[in-house]
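Inspection log for the structure reproduced underneath, given as structure tokens.
The values are calculated or read from the model by the stated rules, or taken from the named source; none is laboratory data. Only a predicted model underlies this, so the values are computations on that prediction, with no experimental measurement involved. Quick reminder, even Gly has a Cβ in these numbers, built from the backbone with ideal geometry, and neighbours come from all protein chains shown. The accessibility values were calculated without ligands, DNA or RNA, using every heavy atom of the protein model including side chains. Shrake-Rupley method; radii C 1.70, N 1.55, O 1.52, S 1.80 Å.
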Amino acid sequence: MGSVPRLVRSTWLLAALAAFFAALLVTAPASQAAGPAASPASQTSPAPGPGDQENFRFSINGVLRNAGQPVPDVTIRATGEGFSGETVTSASGAWTIRVPVQGTYQVELDESTLPEGVVLAPGAQNPRTVTFANTSNAGAVFPLGEGIVVRGANLGEQLAERLIAGLSFGLLLALASVGLSLIFGTTGLTNFAHGEMVTLGAVLMFFLAGMGLPVWLAAALAIIGGGLSGYLQDAGLWRPLRQRGSGLIAMMIVSIGLALAVRYVIQLFFGGAIQQLPGAQSPQISLGAVSISQNTLQSLVISAVVIGLLGFLLLRTRLGKATRAVADNPALASASGIDVDNVIRIVWTVGGLLAALGGILWAYYRPGVSFNMGQQILLLIFAGVTLGGLGTVFGALVGSVIVGIFVEVSTIWLEADLKFVGALLIMIVVLLFRPQGILGRRERVG
């Protein structure tokens with residue numbers, strides 16, 4: 001009979017979880033949030049033209065200058081991805097062409113519209129090929145002047161920029177990976193719904209910011225909401241399954257079903273469009289010869305501070321030592337007087353907090369919020385955890401940083417669409433020679 005009250009409590013907790021998020025989603029429709037209300041996916045024109053440019057979120061831009069002076073009234077054209085459009089430079093020499101989708105475009109300067117005596121620099125490409133790489137803006141530079149020497153891209157500068165971007169990407173991956181690794185270490189569960197926990201953080205912040213809350217408050221409440229979702233998940237679903245003796249394979253399949261359900265519930269209320277968080281477009285910061293966006297730099301600092309704090313808690317506090325003990329041997333930890341269920345509940349809560357923070361930073365890094373954004377990096381999260389060593393917190397950190405750096409540095413040689421493939425290949429190669437991962441322990445099987 002004791003199982004009946006537990007089942008009732010579990011049902012109420014799941015109902016409370018559903019009501020909580022449904023209330024947030026219903027009371028803050030997407031149209032209220034900051035940022036564009038439509039995306040290319042929501043436009044009905046199969047072959048958009050220049051007249052639709054005001055509705056496009058992506059743009060190609062640049063500035064024309066000759067001997068330091070702006071060059072106005074020059075025609076620039078862009079073609080590609082079924083689109084063709086043109087514009088003229090303003091009085092300051094600036095120009096922008098909005099395009100419907102990310103992709104590859106040919107951008108051409110009409111040399112016949114250049115003022116008398118102004119010419120393209122010898123060796124300058126015209127037209128130029130422009131490819132978007134996880135950003136909503138792309139630049140095209142047309143150097144002007146006979147005395148200008150066009151210099152090829154400096155490989156060292158590109159490598160330095162990609163290393164910084166890769167470190168930032170790796171650390172935000174680590175935020176999600178550490179939570180996933182903690183959950184696996186304490187419960188043995190491979191949670192395929194972890195990507196939706198990442199999405200939830202960004203979506204909650206989007207709706208809360210749309211209600212008019214300050215950015216910092218919206219982010220804080222979204223992170224708390226992520227932690228609450230982890231707590232309610234364990235209390236309402238995973239703990240009852242553990243008490244019933246459900247196998248890990250069965251629980252993994254449940255996590256896949258949960259991931260699909262949450263993903264499409266979010267899509268139902270949020271929509272399929274890509275939306276922007278406040279401040280998604282940030283200025284570039286020059287660090288010597290290296291240029292990096294302000295959002296990327298802030299993401300790097302925030303991730304490093306949070307991971308450092310988490311490492312301190314795991315190594316120096318009683319709760320951290322109890323968590324590591326449960327991850328190492330739950331039966332022995334229970335025999336030593338540790339409340340294993342309470343530790344697991346805290347781990348789920350912390351995992352939700354970290355995943356939500358990772359989702360917010362990922363939304364700024366991309367930039368953009370979508371209903372399936374967590375699914376897009378779920379394999380990279382698993383790659384980081386597996387590469388570092390399943391169940392090891394610091395292994396997940398090391399593995400995620402390696403994956404992030406490899407992903408970004410590979411864009412120097414690979415197409416942007418192929419960069420995630422390289423990270424998965426390096427994971428496979430490492431596991432062929434060290435199956436337990438970088439920091440994992442070798443275990444005897446059989």
Checklist entry - So which of Gly156, Gly166, Gly195 is within 15 Å of Leu353 (Cα to Cα) and part of a helix (DSSP H, G or I)? => result Gly195
Checklist entry - Among the residues of region 147-166, is there at least one that is at pLDDT 90 or above, open to solvent by 10 Å² or more (accessible area, probe 1.4 Å) and over 30 Å from Glu81 (Cα atoms)? => result no
Checklist entry - Taking the stated definitions as given, is Gly368 within 10 Å of the chain's Cα centre (by Cα), on the phi > 0 side of the Ramachandran plot and in the same structural domain as Ala202 (by TED's automatic domain parsing)? => result yes
Checklist entry - For Ser286, all conditions in the list (1) at pLDDT 90 or above; (2) open to solvent by 50 Å² or more (accessible area, probe 1.4 Å); (3) not hydrophobic (A, V, I, L, M, F, W, C) hold save one; what is the number of the exception? => result (1)
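Conditions tested, residue by residue: (1) modelled with pLDDT under 90; (2) open to solvent by less than 60 Å² (accessible area, probe 1.4 Å); (3) in contact with a Ser or Thr (Cβ under 6 Å, 6 or more places away or on another chain).
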residue	(1), (2), (3)
Trp238	no, yes, no
Met252	no, yes, yes
Ser255	no, yes, no
Gly272	yes, yes, no
Val290	yes, yes, no
Gln294	yes, no, yes
Arg318	no, no, no
Val326	yes, yes, yes
Pro330	yes, yes, no
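Per-residue answers, yes or no, for (1) assigned to a helix (DSSP H, G or I); (2) modelled with pLDDT of 80 or more; (3) buried (at least 17 other Cβ atoms within 10 Å of the Cβ); (4) aliphatic (A, V, I, L, M):
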site	(1), (2), (3), (4)
Ser31	yes, no, no, no
Ala37	no, no, no, yes
Ala41	yes, no, no, yes
Ser45	no, no, no, no
Gly51	yes, no, no, no
Ile60	no, yes, yes, yes
Pro72	no, yes, no, no
Ile76	no, yes, yes, yes
Thr79	no, yes, no, no
Checklist outcome for this item: Going through (1) modelled with pLDDT of 90 or more; (2) under 28 Å from Gln281 (Cα atoms) one by one, Tyr365 fails only at (1)
Checklist outcome for this item: All conditions in (1) more than 13 Å from the chain's Cα centre (by Cα); (2) open to solvent by 20 Å² or more (accessible area, probe 1.4 Å) are true of Ala383 except (2)
